[in-house]
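Contents: one structure, followed by commentary.
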Amino acid sequence: MRCTAARNRATAFLSLFILAACGGGGGGSYGGGGNTNPPTPPTPTSFTIGGTVTGLASSGLVLSNNGGDALLLSSSGTFTFAMTVATGSAYSVTISSQPNIGPLQVCTLTNGSGSVAGAAVTSVAVDCVTKTAKFLYVPNQTAGTVSAYTINASTGFLTAVAGSPFATEPAPRFATADASGKFLYVTTLGSSTNPPRISGYALNGTSGVLTELDDSPFDLSSTPPPPSSTFVTAPAVHTSGAFGYLTVWNPSPSPTVNLYGATIDSTTGDLAQIAGTPLPVGYDAQTPVLEPTGKFAFLARDTAPNSSGEIMSFNISSPSGVLTANGATSTGGNRPIAALTFDGKFVLVSNAASGTFVVMTVDSAGVVAMKGSPIATGAAGTSPGVPIYSRRFGVVYLANAPLSGGSVPSLAAYHIDNNGVLTMLAGSPYSSNGATLFPLPHPSGKFLYQVNGSTGSLQRYSLDSTGVPTLVADVTTPMDSPTFLVPDPSGNYLYVTSGSGGSVSSYSVDHTTGALTLVNTVAAGAGAFLPQPVGLQ
């Protein structure tokens, strides 16, 4: 009976000791001399630290305590760090990483520090809020203007900013904000008499009004590209925000592409040519993609018309932006288009003129090497577009367009593992109902959206837990034929331009089904191009 009573009163800390003392046979006593009172459990000297997370709708939130004991969280609820802290000692909980997979969220922390006072700490509070873009800017390539709108965070309703549209150089293509959100730059293709340039503006963070900088427009270099250039790409801005790059296709005296670079003055917004640019980079080159830590740049190119494609690698010097060539590697096909995985470990390359896809590894020096061999993305005569990487699933999506009239548009999908090995998803390639433009993942990871130029509509795919897409039967048909679509970083809204209609529309997104509901359509300008959300609210 003594052992039975002892077991009932004992803490888990003493249970093994009591079982051993009782010998499993009901006899025995505590110590000698007939003492039948159990020992007093020792008082705990260290305690756990924890609290509650609310509003978390994304993955990747990492908390740390006292600079270590990292805790990865992916849902709201209570949390407890693994390591205990001694009574009288300090604890200091911090956010090591904001959520980075899913809708854009910013989490704040309260009651994060103090001293342990003889009990577990459960009062740490983390509140996560989804952020919506504050403004939307739309370059109007035919009108030579950029339209500006405020975004109602609660409804997605677009309202024209006072003074919009704002004049640019001829044929504006892409709007890009600097890292601070103080300046907006619009790359322009120019005309038969105007070379490609950049129009720069001070951006009023309250109203969204644009005021052209005193020294705008900016030439791309002291020897500008010629008028009547074929194309200008979107800028790639360095993670530091101190500089960026773009490429221009020049038609004469022979078709070539040059890489231009400029530093960004964080006070005035002025641009200045990076030493050593422009760089001749072959034919049919794309905008460079920048490795996330900012050490390397990679550029896909053909060395000459209908020749073998390559990935050029460059070392980046910061803050100067000076590029140093680091070699070039064949992509095993023609007209390569490159993208990067989120961690910069792999360069993803579609060979648009060869109908193939290949993965390139990146070593610690920034040198790339082909992983395996190029894989056909569809039937003969297929031309894959921009590789779209979903970090949530580790899946690459490629829209296949007809290259020579002999194939049917489709969507290919591949899983890429930590070693860069590709596995085609079951059922790939998938029907696309005629759409050829690159698919855009919804921030939730549940859907893909695509402009269908052949039907003048928007279509969507639902994604299962592994990233396998299923084309949804119903489609959204805007009042104006769509040109480009871009999801809001919150995932609550989708913005669609119409070049022919000279308009931009906002749609709300059903987070369960992905269905789109029109919020409103507002006038833009002729040739409305790629919409660009800017700022957060």
Which residues, counting only those in the stretch 194-239, are assigned to a loop (DSSP other than H, G, I, E, B), without any contact (Cβ under 8 Å) to a residue 60 or more places away in the chain and among the small types (Gly, Ala, Ser)? Ser207, Ser216, Ser221, Ser222, Ser228, Ser229
If the requirement is being over 25 Å from the mean Cα position of the chain (by Cα), under 23 Å from Ala473 (Cβ atoms) and among the polar types (S, T, N, Q), which of these qualifies: Ser431, Ser404, Ser390? Ser431
From Thr293, Thr239, which residue is under 28 Å from Asp363 (Cβ atoms), assigned by TED's automatic domain parsing to the domain that holds Val347, surrounded by fewer than 19 Cβ atoms within 10 Å (Cβ to Cβ) and modelled with pLDDT of 90 or more? Thr293
Considering residues of the stretch 355-382 that are touching a Lys or Arg at 6+ places or on another chain (Cβ under 8 Å) and in contact (Cβ under 8 Å) with a residue 40 or more places away in the chain only, the residue surrounded by the fewest Cβ atoms within 10 Å (Cβ to Cβ): Thr361
I want to confirm something. Restricting to the stretch 453-468 and keeping residues that are touching a Pro at 6+ places or on another chain (Cβ under 8 Å) and within 19 Å of Ser428 (Cα to Cα), which single residue is surrounded by the fewest Cβ atoms within 10 Å (Cβ to Cβ)? Ser462
So which of Thr168, Thr122 is surrounded by 22 or more Cβ atoms within 10 Å (Cβ to Cβ) and among the hydroxyl-bearing types (Ser, Thr, Tyr)? Thr168
Just wondering, is there one or more residues in the stretch 198-215 that are crowded, with 20+ Cβ neighbours inside 10 Å, at pLDDT 95 or above, over 26 Å from the mean Cα position of the chain (by Cα) and not hydrophobic (A, V, I, L, M, F, W, C)? no
Only one of Gly163, Gly190 is on the phi > 0 side of the Ramachandran plot, at pLDDT 95 or above, over 25 Å from the mean Cα position of the chain (by Cα) and not assigned by TED's automatic domain parsing to the domain that holds Thr287. Can you tell me which? Gly163
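Yes/no per residue for (1) surrounded by fewer than 17 Cβ atoms within 10 Å (Cβ to Cβ); (2) in contact (Cβ under 8 Å) with a residue 24 or more places away in the chain; (3) under 24 Å from the mean Cα position of the chain (by Cα):
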residue: Asn306; (1), (2), (3): yes, yes, no
residue: Ser317; (1), (2), (3): yes, no, yes
residue: Ser320; (1), (2), (3): yes, yes, no
residue: Thr329; (1), (2), (3): no, yes, no
residue: Ala338; (1), (2), (3): no, yes, yes
residue: Asp343; (1), (2), (3): yes, yes, yes
residue: Asn351; (1), (2), (3): no, yes, yes
Provide a single number: the residues in the stretch 171-193 that are surrounded by fewer than 17 Cβ atoms within 10 Å (Cβ to Cβ) and either within 21 Å of Ala143 (Cβ to Cβ) or free of Cβ contacts under 8 Å to residues at least 12 places away in the same chain (or both). 3
Look at Val496 and say whether it is farther than 23 Å from Ser465 by Cα, part of a strand (DSSP E or B) and out of contact with any Pro (no Cβ under 6 Å at 6 or more places or on another chain). no
Among the candidates His415, His511, single out the residue that is part of a loop (DSSP other than H, G, I, E, B) and modelled with pLDDT of 90 or more. His511
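The values are calculated or read from the model by the stated rules, or taken from the named source; none is laboratory data. What you see is a predicted model; the values in this text were computed from it and never measured. Heads up, the Cβs are rebuilt from the backbone with ideal geometry, glycines too, and the neighbour counts pull from every protein chain shown.
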